[in-house]
Structures are given as C-alpha cells and as structure tokens.
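Peer 1: Could you have a look at this structure, given as structure tokens, before my questions?
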Amino acid sequence: MRDSEPVLDDEALAQLRDAIAEVKTSPGIGRAALARLASVTPSGLALTIDFKAAEVLGQPLVILRPKRELPDYFEQLTAREKEVAGLVAAGLRNKDIALALGISVGTVKDHVRHILDKSGLDGR
C-alpha cells in the first residue's frame with residue numbers, strides 16, 4: 001500500500017459497520033442514517049451504497065474506494081441537486097430519494113433532469 005492511500009483502522013471499520021446496521025434497520029431509508037454513514041467514512045475514501053443489491057443479497061452492497069476528483073459541472077449544481085446526485089450515485093431510486101429527503105417523487109425527477117442537463121450525461 002502506498003503512503004498516500006487511506007487506511008481503515010479497526011475503529012473506523014466498527015463505526016462503518018454500526019452505521020450500515022442503522023441504515024439496514026431504518027424504516028424507509030432514514031436521512032439521518034445515511035448522513036451518519038457518510039460522516040464516519042474515513043477521509044480519502046468514497047462510499048457507495050447499492051440498495052438495489054438488497055433484493056438479491058438481502059442487504060445493501062457497500063463499496064469503499066479512493067475518492068475521485070469531482071467533475072467540473074458539479075459546481076454548477078445547486079445544493080439540493082448535489083444532494084440528489086449523491087443519492088442517485090449511491091444507487092437509490094427516485095422513490096427512495098423522495099422518502100430520504102422528504103420531497104415528492106416529481107420533485108426528485110425534476111432535480112435529476114436538471115442534473116442530467118447540466119452534466120451533459122444521457123442517463124443516471
């Protein structure tokens with residue numbers, strides 16, 4: 001391992017396990033549980049949660065990887081669009097994003113459309 005790579009110690013792993021357990025037991029997908037999981041992710045690492053995998057695996061798939069640079073268009077997004085983009089990137093469906101953020105599915109669809117327009121991407 002190179003010196004610049006982040007290291008997960010036992011305490012960091014325990015915090016991540018606790019936060020994942022909280023997410024798994026939250027009715028719907030609690031915004032606070034997601035925030036807690038993100039907050040205990042060690043610096044230098046990015047966290048991806050694939051909730052769709054729970055249908056096959058029985059639990060979400062959690063992936064830790066080195067952080068990448070954000071694309072240039074990311075700065076053009078509003079704070080809410082960034083929040084929605086993060087949840088889309090984590091694998092949440094529009095319905096789950098709406099529940100997590102306390103907004104309507106239609107509003108989520110609008111945010112996703114704006115994100116795609118600003119990014120130039122074809123789809124999620």
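Peer 1: Those residues that are surrounded by 15 or more Cβ atoms within 10 Å (Cβ to Cβ), part of a helix (DSSP H, G or I) and touching a helix residue (DSSP H, G or I) at 6+ places or on another chain (Cβ under 6 Å), I need them from region 85-112; list them, please.
Peer 2: Within region 85-112, A85, L87, N94, I97, A98, A100, V108, H111 meet the criteria.
Peer 1: Go through R65, R124, R80 for me and flag whichever is under 21 Å from G44 (Cα atoms), surrounded by fewer than 18 Cβ atoms within 10 Å (Cβ to Cβ), within 18 Å of the chain's Cα centre (by Cα) and free of Cβ contacts under 8 Å to residues at least 40 places away in the same chain. I'd like the intermediate steps shown before the answer.
Peer 2: Values: R124 fails: under 21 Å from G44 (Cα atoms); R80 fails: under 21 Å from G44 (Cα atoms).
The conditions single out R65.
Peer 1: Then there's this: Look through L92, L47, L64 and report the one residue that is modelled with pLDDT of 70 or more and touching a Ser or Thr at 6+ places or on another chain (Cβ under 6 Å).
Peer 2: L47
Peer 1: Further question: I'd like to verify a number: residues in region 14-44 that are of a type in the set (K, R) and at pLDDT 70 or above, how many?
Peer 2: Filtering region 14-44 for residues of a type in the set (K, R) gives 17, 24, 31, 36.
Filter once more, so that each one left must be at pLDDT 70 or above: 17.
Going through region 14-44 one residue at a time, the tally reaches 1.
Peer 1: Then there's this: Under 9 Å between Cβ atoms, at least 6 apart or on separate chains: pull out the pairs that start in region 90-117 with a residue that is within 20 Å of D50 (Cβ to Cβ) and end on any residue that is crowded, with 18+ Cβ neighbours inside 10 Å and acidic (D, E).
Peer 2: Listed pairs, sorted by first residue: V112/E81; I115/E81.
Peer 1: On to the next question. Does V56 satisfy the condition of being among the hydrophobic types (A, V, I, L, M, F, W, C) and within 14 Å of the chain's Cα centre (by Cα)?
Peer 2: So V56 fails the test.
The values are calculated or read from the model by the stated rules, or taken from the named source; none is laboratory data. This is a predicted model, so every value here is computed, not measured. Virtual Cβ from ideal backbone geometry, glycine too; neighbours counted across all protein chains shown.
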